[in-house]
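S.K.: There's a structure below that I have some questions on.
The values are calculated or read from the model by the stated rules, or taken from the named source; none is laboratory data. Bear in mind that the values here come from a model prediction, so they are computed numbers and not experimental data. For neighbour counting, all protein chains shown are included, and Cβ atoms are generated from backbone atoms with ideal geometry for every residue, glycine included.
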């Protein structure tokens, strides 16, 4: 796709956002291009669910992907300050993530300038059952939803420490519900430790997870270290702050 094509596609999205719905001829007139050019752009956007076409009027309007992107932008804007504060307070890499099928998809991050910090995972997807963010979000979901996400009893194990069966996952999710936060002790990557909480949003049915990760942090199953206690106290404080912000939005 050429730079000019990208520019025209963005113009189409801007016009749709401003006007709500628009026809092919109308767009062609505004953009000073042939209707066939507009039609090709709209076909691509419709395939990607950025626009939908009304069956009766044949006019186009913003699709679910556009509304989802708007929601994510608002979410990041509301969270940015507290995410950075969490990172600076703990010295850990911090991410915001949402559940997307069997995975967590990361939307925003803050990375400290330290050797033990992990890099950004924004845009990446990681298996939910082996990440602290994923387990926090699964624990906040109805059991039926978790069963639908993981219909098989066996689960993929990217590391020896990862949970390998659904029964153990449910046991871990019950622990998450009791403690208020989830742990990842070298389950997604060797040497990586992470903690996360799920934050509900009153205006949205989908929760968001805030997670803090670090390489080579002392942590072990069945025992809560002093460093873990310090980190999770800050994490729970930030989660409460985020929930209060979301409730006012």
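S.K.: Can you tell me which of (1) surrounded by 16 or more Cβ atoms within 10 Å (Cβ to Cβ); (2) touching a strand residue (DSSP E or B) at 6+ places or on another chain (Cβ under 7 Å); (3) more than 18 Å from residue 137 (Cβ to Cβ); (4) touching a residue at least 24 places away in the same chain (Cβ under 8 Å) is the one residue 63 doesn't meet?
M.R.: All conditions pass for residue 63, except number (4).
S.K.: Residues in the stretch 204-223: is at least one out of contact with any helix residue (DSSP H, G or I) (no Cβ under 6 Å at 6 or more places or on another chain), free of Cβ contacts under 8 Å to residues at least 60 places away in the same chain, over 30 Å from residue 113 (Cα atoms) and assigned by TED's automatic domain parsing to the domain that holds residue 100?
M.R.: Looking for residues that are out of contact with any helix residue (DSSP H, G or I) (no Cβ under 6 Å at 6 or more places or on another chain), free of Cβ contacts under 8 Å to residues at least 60 places away in the same chain, over 30 Å from residue 113 (Cα atoms) and assigned by TED's automatic domain parsing to the domain that holds residue 100, one finds at least one in the stretch 204-223, hence yes.
S.K.: Can you tell me which of 173, 235 is assigned by TED's automatic domain parsing to the domain that holds residue 88 and closer than 25 Å to residue 84 by Cβ? So that I can check it myself, show each step before the final result.
M.R.: Numbers: 173 fails: closer than 25 Å to residue 84 by Cβ.
Within the list 173, 235, the selection yields 235.
S.K.: Check whether at least one residue in the stretch 89-101 is free of Cβ contacts under 8 Å to residues at least 40 places away in the same chain, within 18 Å of the chain's Cα centre (by Cα) and not in a helix (DSSP H, G or I), and report yes or no.
M.R.: First, the residues of the stretch 89-101 that are free of Cβ contacts under 8 Å to residues at least 40 places away in the same chain: 100.
Applying the additional criterion that residues be within 18 Å of the chain's Cα centre (by Cα) yields 100.
Now restrict to residues that are not in a helix (DSSP H, G or I): 100.
Within the stretch 89-101 (the criterion being free of Cβ contacts under 8 Å to residues at least 40 places away in the same chain, within 18 Å of the chain's Cα centre (by Cα) and not in a helix (DSSP H, G or I)), the answer is yes, since at least one residue qualifies.
S.K.: Given the criterion assigned to a helix (DSSP H, G or I) and touching a strand residue (DSSP E or B) at 6+ places or on another chain (Cβ under 9 Å), identify the matching residue among 118, 13.
M.R.: When all the criteria are applied, what remains is 13.
S.K.: Next up: Based on what the data block shows, is residue 8 in contact with a helix residue (DSSP H, G or I) (Cβ under 9 Å, 6 or more places away or on another chain), part of a loop (DSSP other than H, G, I, E, B) and surrounded by 12 or more Cβ atoms within 10 Å (Cβ to Cβ)?
M.R.: Details: in contact with a helix residue (DSSP H, G or I) (Cβ under 9 Å, 6 or more places away or on another chain): yes; part of a loop (DSSP other than H, G, I, E, B): no; surrounded by 12 or more Cβ atoms within 10 Å (Cβ to Cβ): yes.
So residue 8 does not fit the description; no.
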